Amino acid sequence: MPRARVSRRLAADVCLLVAAVAFALPLAWVLLSSVDAHADLRVKVPHGLTLGNFHAILTPDITYTPLLNSLILCGGATALTVGCAALAAYPLSRFRSRLNRPFLLSILFATSLPITAIMVPVYALFVRVNLIDTLQGTILFFAASQLPFAIWLMKNFMDGVPRELEEAAWTDGANALQSLVRIVLPLMGPGLAVVTVFSFVMMWGSFFVPFMLLLTPDQMPASVSVNDFFGNRGMVAYGQLAAFSVIYSTPVISLYVLVARRLGGGFALGGAMKG
Amino acid sequence: MSGRRRLVRALPLAPAVVLLLLFLAGPIAYCVYIAFTDLQLTGQARASFVGFANFRRAFRDDAFLNAVRLTLVFTVLSSLLGQNTLGLALAALMKRASKPVRTLTGGVVVTAWVLPEVVAGFLLYAFFRREGTLNAILDWLHLPRQNWLFTLPVLAVSFANVWRGTAFSMLVYSAALDGIPAEITEAAEVDGAGGWRRMWHITLPMIRRSIGTNLMLNTLQTLSVFGLIWVMTRGGPGNRSQTLPLFMYEQAFQNSMIGYGTAVALLLLLVGALFSVVYLRLLRTEV
């Protein structure tokens, strides 16, 4: 039996390593090409390491402005999402009402609607109300599209905070807002971090929303501007494209690692979809 | 409880509700409205009501039917067969594997998932291009090479979606498998049930709710993939990888037919809503 178990473990290890290599190949391409002076489309050991690709793209036009735009868009929308979600989750978690169930069901329903499908009408609507090509319009839409899931997550995390502490505060005369800000939110730090990081990561990677709602090149976030490497600059400089991809991806990967480590791997899924 | 008190208690919901109504429910309602008009992008003072003309047109439009077919192929290949099966296989293997291998594989697969959509698109574009990594590997193995993005574009974008989305299924199934009590698997093992039979008769029935949830969410996510395909093929060559979101985009913007594009969007939204309702039913004990 033990020998069978050892050989089974070995077989599983081999299978997983094969899968890992297959998944790693495209990732290896981006990392190796970013430091390769003669990068092309295949994975290969760089001909002489260079930071030239990074030097070439670290200019305001190519990197700093799009990243700053991404930060403004995603930061603003995340703040709005998390703020609204925290406020909304409080009565849903703390007070009983006949409306809670239908509200939560609609929220859950909305989490799984394909946002892609409504982008054409959103575009038409934004043209009509003059929100097209504005950062604030895009921020508002981003926040609204992320809110259902954020409320759902936030409510689940809030349910985990015991009520006794708040009841003590209520007897001391604190109102709902005070007990939310001073007692509940500090106690659900990890949950708050998950909602924040999750919203931010989703928006940071989103291509279709800014692609549709923003028109001026100066306002474009990195997710859209990265396409310029193909369109406007003639010959594609694959090394530079790879270097840009690395810089653009690093923030979300580090954020993910930060949160995943703190929560021990399960990430948002534990709270989001016990099923 | 007095009405006033109830109102005060519900007040914190207000900002979220306003945002959701204005920017989510509003566009959906508007979508329903313009799907029945002939709204165009330019040069038209006002749109007029055309009834079901956009929908009738869609079902006679070969390009639309082509997009429906490709969307089905894309969804079945990448979500049902790809992400779902591979995710379950990886999760099951991880239960048996040694810790370093588990951590390494999990890390790589999840990285592919966390990567921004457009970057994932570039990486897979480079992988499948004629002069890319896949053909280099095929050469090395002395197998015939292919111009993947030209000869089999749907297959290439489906693989790309598997690469990008498998981590989600893997995480869902890992959590589900951890929830199966060890005694049950051990008892089956003592009774002499082999690996496959245990999987089929014990594991799968026990995690069927996770399977349902996962399939539903995968499919919904796959239905709305745009950036990945856009970056890799732009829906081409011709329209051989043009799924519904790309078709909708092309009609609305390249052909300036906002009304028609929105009618297609509405169909997509309806399919999504249908899946969403099924998903809610699967979760109904949770709320």
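When only the Cβ of Lys, Arg, Asp and Glu is charged (+1, +1, -1, -1), the dipole of region B:159-287 relative to its Cα centre reaches about 440 debye.
Dimensions of region B:1-135 along the principal axes, based on C-alpha atoms and rounded to the nearest Å, stand at 60, 58, 24, largest first. Counting only aspartates and glutamates at least 8 places from A:LYS44 when in the same chain, those with an alpha carbon closer than 18 Å to its own are A:ASP36, B:GLU131, B:ASP139. Counting Cβ atoms of other protein chains within 10 Å of each Cβ in B:241-253 and taking the mean gives 2.
Taking a straight line from the alpha carbon of A:LYS155, these aspartates and glutamates sit under 15 Å away, with near neighbours fewer than eight places off in the same chain left out: B:GLU286.
The three principal axes of the Cα atoms in the protein assembly as shown give end-to-end lengths of 79, 73, 51 Å, sorted in falling order.
Under 17 Å of direct C-alpha separation, and excluding same-chain neighbours fewer than eight residues apart, B:LYS99 reaches these aspartates and glutamates: A:ASP13, B:ASP178. Using a Gaussian network model of chain B in which every pair of alpha carbons under 10 angstrom is joined by a spring, one finds that among B:VAL162, B:VAL110, B:VAL277 the greatest mean-square fluctuation is at B:VAL277. For the options A:ALA28, A:ALA20, A:ALA79, a Gaussian network treatment of chain A with springs between C-alpha atoms closer than 10 Å singles out A:ALA20 as fluctuating the most. In the frame of its principal axes, region A:1-50 has Cα extents of 54, 16, 11 Å, reported largest first.
Note on B:162-172: average number of Cβ atoms from other chains within 10 Å of each residue's Cβ is 2.
Within region A:54-272, the proportion of C-alpha pairs whose separation exceeds 27 Å stands at 42%. Here the Gaussian network model covers chain A, with springs between Cα atoms less than 10 Å apart; of A:LEU31, A:LEU192, A:LEU71, A:LEU31 fluctuates the most. Here's how it looks for B:THR37: its modeled amide H is under 5 Å from those of B:VAL50, which are all 5 or more places away or on a different chain. As a ratio to 2.2 N^0.38 Å, the alpha-carbon radius of gyration computed for region A:149-221 takes the value 1.59.
Each value in this text was obtained by applying a stated rule to the coordinates, not by laboratory testing. Since the structure is predicted, the reported quantities are computational estimates derived from the model, not experimental observations. Heads up, the Cβs are rebuilt from the backbone with ideal geometry, glycines too, and the neighbour counts pull from every protein chain shown.
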